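Derivation of every value follows stated rules applied to the coordinates shown; laboratory data play no part. The model shown is predicted, which means the values in this text are computed figures rather than measured ones. For neighbour counting, all protein chains shown are included, and Cβ atoms are generated from backbone atoms with ideal geometry for every residue, glycine included.
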Amino acid sequence: MAYVLCDVVDRVATITLNDPKRRNTISLAMNEEIVACIDDLESRDDVGAIVLTGTAPAFCAGADLDDLRTCSGADTLGQIYAGFLRIAHTTLPTIAAVNGAAVGAGMNMTLACDVIIAARSAKFDPRFLQIGIHPGGGHTWRLRRIADHQTVMALVLFGEQLDGENAARVGLAWRCVDDDALLDEATRMAARAAAAPPALVRRTKATIMSLAEVTSSEASVAHELDPQVWSMQQPAFQELLGKLQRNLGKG
């Protein structure tokens, strides 16, 4: 059985977590397939963005408890983190299309993506404390980067859950859409990033991901200076300048 399905259409790769009988629980085998899939997609010229979703009825129910039970330390926990960390560290733009429950480490899968789009049936549920375990895999850091302090506290400490509509309301999701429109909306959005020059997209994502290093207006200018100069020397911008020049010449 393939625990990860991958389909590429018009430069957008759709990765589907595929263990529906266990609500797409993250196993070590699934993580191996996720890592191999991302490695492959990054090496391809026909892929410019990724949409991550789950086979119904869930997005991802979290980590396999048997795997957690056998963990003896940081090394073995790292194997459980491997899938969502590979997604978090990919150079490709990523969108989580959350089509059901995203629980614990399954919520980490959503937080690993650059943008979250939620179906109305989505449910965001950390559930770490409720099963007697501390959050892991960078959960609190990733959540706090996109949601405010009170939202993090309510979800993680007080066991609150958010459906798709409320996730969008508090900024955890970019938007909430009807379930039957979820993949179309995520793919439409991903296609815009996939259509841009690949090297430019990857470099722009790297700039955004390193913004924590920027602490002043002057530093923000310096942070973008080299990449912008580089982009102005690339074919896409040079072709645009040439087209403008030709149009002016016609006038």
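Can you tell me the Rg and the Dmax, both Å, for the Cα atoms in the range 13-86?
In Å, with Rg to one decimal and Dmax whole: 13.1, 41.
Excluding Ser27 itself, calculate the net charge of residues whose Cβ lies under 14 Å from the Cβ of Ser27, where each Lys or Arg counts +1 and each Asp or Glu counts -1.
Net charge in that neighbourhood comes out at -2.
Need one number: % antiparallel among DSSP beta bridges in the chain, to the nearest 5.
Around 30 percent of the beta bridges assigned by DSSP in the chain are antiparallel ones.
What is the local net charge at Val152, summed over the other residues whose Cβ is closer than 11 Å to its Cβ (Lys, Arg +1; Asp, Glu -1)?
It works out to a net charge of +1.
From the Cα gyration tensor of the range 76-202, with a ≥ b ≥ c the square roots of its eigenvalues, which class applies: rounded if a/c is under 1.5, or else prolate if a/b is larger than b/c, or else oblate?
oblate
Among Ala193, Ala118, Ala147, which one shows the biggest mean-square fluctuation in a GNM of the chain, springs joining Cα atoms closer than 10 Å?
Sorting by GNM fluctuation, first place goes to Ala147.
Just to confirm a number: summing +1 for Lys and Arg and -1 for Asp and Glu over residues other than Gly138 whose beta-carbon lies under 12 angstrom from that of Gly138, what do you get?
+3
Using 1/(1 + (r/R0)^6) with R0 = 51 angstrom and r between the beta carbons of Ala29 and Val221, what's the FRET efficiency to the nearest 0.05?
So the FRET efficiency works out to roughly 0.60.
Any chance you could list the semi-axes, whole Å, largest first, of the equivalent ellipsoid that the Cα gyration tensor gives for the chain, using √(5λ)?
Value: 34, 21, 18 Å, ordered largest first.
Convex hull over the Cα atoms of the range 123-191, averaged projected area in nm²?
5.2
Specify the inter-centroid distance of the range 1-32 and the range 77-152, based on alpha-carbon positions, in whole Å.
16
Which whole-number percentage describes the relative contact order of the chain, with Cα contacts under 8 Å and a sequence gap of 6 or more?
Reported relative contact order: 17 percent.
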